[in-house]
Amino acid sequence: MMQNNALQFKRQVTIKLADVKLQGALSRLQSRFVEGRSAVISEIADLPQTRDAAAGIRNRVLNDLEHWLLHFEREATARGTVVHWAETGEDVNRIVTEIAAQHGVKTAAKSKSMVSEECGLNDALERAGVTVMETDLGEYILQLAKEAPSHIVAPVVHKNKEEVADLFAEKHGLPRKTGIAELCREAREILRPAFLNADMGISGANFLIAETGSALIVTNEGNGRLVTTLPRVHVAITGIEKVVPTLEDVSTLLRLLPRSATGQSITNYVSMLTGKKSVTDPDGPEHFHIILLDNGRSSLLGGEMQDMLRCIRCGACMNHCPVYQNIGGHAYGWVYPGPMGSILTPLLSGLENSPDLPNASTLCGACAVVCPVKIPLPDLLRKLREKQMERGMKSRQETLLLKTWAWFALHPKLYAFATKVGVKFMAILGGKEKLLHNLPGASGWTNGRDFPAPTGKTFRELYRKEHNK
Amino acid sequence: MRVGFFVTCLVDAMRPRIGFAAIKLLEAAGCEVAVPEQQTCCGQPGYNSGDRKSATALALKFLAEFESFDYVVVPSGSCAGMTVKHYPDLFKDDAALLARFTALGARTFELTDFLHNVAQLKSVPGKFHGTLTYHDSCSGLRELDVYQQPRALLATMPDVTIKEMVESTTCCGFGGTFSVKYGELSTRMADNKCTHIADTNCDTIVGGDLGCLLNIEGRLRRNGDHSTRVLHIAEVLADTGE
């Protein structure tokens, strides 16, 4: 499984805030994704109802997930697809490696799959002697750079064009290109043979459709279609929560997914992959495997975090998150960044390994407003904070501070006295400038900001004086 | 209308004049205002830090102090949001208390929301003169739909011009304890806000939540800006700003 580096969060924040190139790259999020979504989401005249319907579809599945998964397995199997169940990422790696061995696979062409990132699949395949080529342009760039995605939809959003030009020149050994079109052409020329020569295609799946046993993927570059049709073996990997009952349901979700993700009314390609190649099909894989990964998802069913499983991986929450916008995805330390990642990482990869993630949010709510399936992300972040408190995972200092504050707040006379003394003292420290440059115990504030001093008397003192006249 | 005024802990300690300005406005709107003396904090710091127990105790205290009023008014979207949206969550397993908190929530309002939509105040006592820009605080905006209300009230003031900053609805980075725990991140978010304020060339930034205002003011001053005025909407509407 992919290593969780979320313990480094605070250190990473410092690094990312100082990274000028990264900051420049992140500034494009606003124009490309925020404004992009805003421009097309209004095309849905009945947006509130559509979001309700989408959330309803996802809830219906999650409330009876076993039923819908078995339904999906039955329909997929009937069409010649082999369905595999994987409890962990290691199980996925083992199953794919076994399929590769069974079919004598030497090379695999891969389209984008965040679930495969969860498993660390590429490394496992390379260890088994299978050469893997990422074919999504962003993922290809990252494979060359030996980096992880920093965004679930735009994996290479942290890099600018110049960095890609340098990388291509170095790794391809060709003259350095500068235009985006030229760079894309160079990548295309290198990738094309990889599609044609691959023994195995590996993809993710945005949705699994129970009534037809299909896997559905939305892509823009066309690599997904090549990967899933040209090689003789196709393996699709996705999470168990991705199943939806019917085609009708998927059409509702598809009204929201591309608009929320990339600001497109619809993606360039929407591929429905149903069964292996039949005798009448002119093309398609001779063997079609779908691997369904649990990796802790089923443990969320029926509990207070189940809402998170509605997620359709559009990335709108991170695009609109003022924290993500300032630090990018790598700081979050695991596969999924932004608000959805700050919830999924602790849930799937251990709260003890990600103590900062639920707390590194102002709970501003911008994510929840744009979530197409109405996941109450701030509420879920808060629930994780409650779990930290219950399990004694908060620092002694923070717990003591909270308890002390609450104790005073519950004893109004002592509270009044303490605040009266406190504000008088702070007002004196504030001096003529009326600013505190240092606050003991709150250097987090005063390292970057002054603290405006109080005026010296509390409201309650002044109010009482005025009303006892 | 008998209005129970919840001052909020920040206004009580840091800027009492905001409390007096709010009372002046409520009285101008024809309300009989009472300020329960035992009030302290709504419990949000604990609630947002995972300390449900403390938040629950303070919610019950709030209920005891404010349940008897026709309305409860709060000069903060954040504390009002706590009362309206989150108290019911704390009592979701207790039908009797849930009903009482839901009823209380329905009568509790952020100050500008109350003045504009409930009291329908058509003119304000303030005499502010100049151009200002408005920061929309997160909880008021997203939990209570406070956006138009402060602008509508400012529009009744003949000498006030509002010049909108870009991303007025983006978080300033305050976030309560977040501002101390993740100081660097919080400072960067405040810095972005300061840039957007500076781009408007306004000499006054106004908002409805003192937490955000302290954060913004703290960053402005550290950046060497000692002239931009940072005011609560109540101060502008009631003109007790100086």
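Okay, here's what the table says:
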read-out	value
Residue within the stretch B:181-191 that is in contact (Cβ under 8 Å) with a residue 60 or more places away in the chain and not basic (Lys, Arg) present	no
One residue from A:Leu309, A:Leu293, A:Leu301, A:Leu273 being surrounded by fewer than 17 Cβ atoms within 10 Å (Cβ to Cβ) and touching a helix residue (DSSP H, G or I) at 6+ places or on another chain (Cβ under 7 Å)	A:Leu301
Failed condition for A:Ala45, given (1) assigned to a loop (DSSP other than H, G, I, E, B); (2) without any contact (Cβ under 8 Å) to a residue 60 or more places away in the chain; (3) crowded, with 16+ Cβ neighbours inside 10 Å	(3)
Output for the stretch A:119-138, where each listed residue is surrounded by fewer than 23 Cβ atoms within 10 Å (Cβ to Cβ) and within 18 Å of A:Asn220 (Cβ to Cβ)	A:Leu137, A:Gly138
Restricting the stretch B:144-166 to residues that are of a type outside the set (Gly, Ala, Ser) and out of contact with any strand residue (DSSP E or B) (no Cβ under 9 Å at 6 or more places or on another chain), the residue that is nearest to the other protein chains (Cβ to nearest Cβ)	B:Val166
Only one of B:Phe66, B:Phe62 that is in contact with a Pro (Cβ under 8 Å, 6 or more places away or on another chain) and either surrounded by fewer than 21 Cβ atoms within 10 Å (Cβ to Cβ) or of a type outside the set (D, E, K, R) (or both)	B:Phe66
Filtered residue count, the stretch A:144-153, keeping only those that are over 21 Å from the mean Cα position of the chain (by Cα) and assigned to a loop (DSSP other than H, G, I, E, B)	0
Any hit, the stretch A:246-253, residues being buried (at least 21 other Cβ atoms within 10 Å of the Cβ), charged (D, E, K, R) and in contact (Cβ under 8 Å) with a residue 60 or more places away in the chain	yes
Flag if B:His116 is without any contact (Cβ under 8 Å) to a residue 40 or more places away in the chain, more than 14 Å from chain A (Cβ to nearest Cβ) and touching a helix residue (DSSP H, G or I) at 6+ places or on another chain (Cβ under 7 Å)	yes
Failed item, numbered, when A:Cys364 is tested on (1) touching a residue at least 60 places away in the same chain (Cβ under 8 Å); (2) buried (at least 21 other Cβ atoms within 10 Å of the Cβ); (3) assigned to a loop (DSSP other than H, G, I, E, B)	(1)
Residue that is farthest from the other protein chains (Cβ to nearest Cβ) [pool: residues in the stretch A:428-462 that are farther than 19 Å from B:Arg219 by Cα, surrounded by fewer than 19 Cβ atoms within 10 Å (Cβ to Cβ) and among the charged types (D, E, K, R)]	A:Glu461
Residue in the stretch A:356-376 that is among the charged types (D, E, K, R), at pLDDT 95 or above and touching a helix residue (DSSP H, G or I) at 6+ places or on another chain (Cβ under 6 Å) present	yes
Failed criterion for B:Tyr182 (all others in (1) within 8 Å of chain A (Cβ to nearest Cβ); (2) under 18 Å from the mean Cα position of the chain (by Cα); (3) not β-branched (Val, Ile, Thr) hold)	(2)
Options B:Thr200, B:Thr169: the member that is more than 12 Å from every other protein chain (Cβ to nearest Cβ), among the polar types (S, T, N, Q) and surrounded by fewer than 21 Cβ atoms within 10 Å (Cβ to Cβ)	B:Thr200
Selection count where residues are β-branched (Val, Ile, Thr) and out of contact with any Ser or Thr (no Cβ under 7 Å at 6 or more places or on another chain), scope the stretch A:434-469	2
B:Leu26 being surrounded by 22 or more Cβ atoms within 10 Å (Cβ to Cβ), more than 30 Å from A:Ser361 (Cβ to Cβ) and not aromatic (Phe, Trp, Tyr)	yes
Qualifying positions in the stretch A:372-427 - more than 9 Å from chain B (Cβ to nearest Cβ), closer than 20 Å to A:Leu462 by Cα and without any contact (Cβ under 8 Å) to a residue 24 or more places away in the chain	A:Leu414, A:Phe417, A:Ala418, A:Val421, A:Phe425
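The values are calculated or read from the model by the stated rules, or taken from the named source; none is laboratory data. From a predicted model like this one, the values you see are computed outputs, not experimental measurements. Virtual Cβ from ideal backbone geometry, glycine too; neighbours counted across all protein chains shown.
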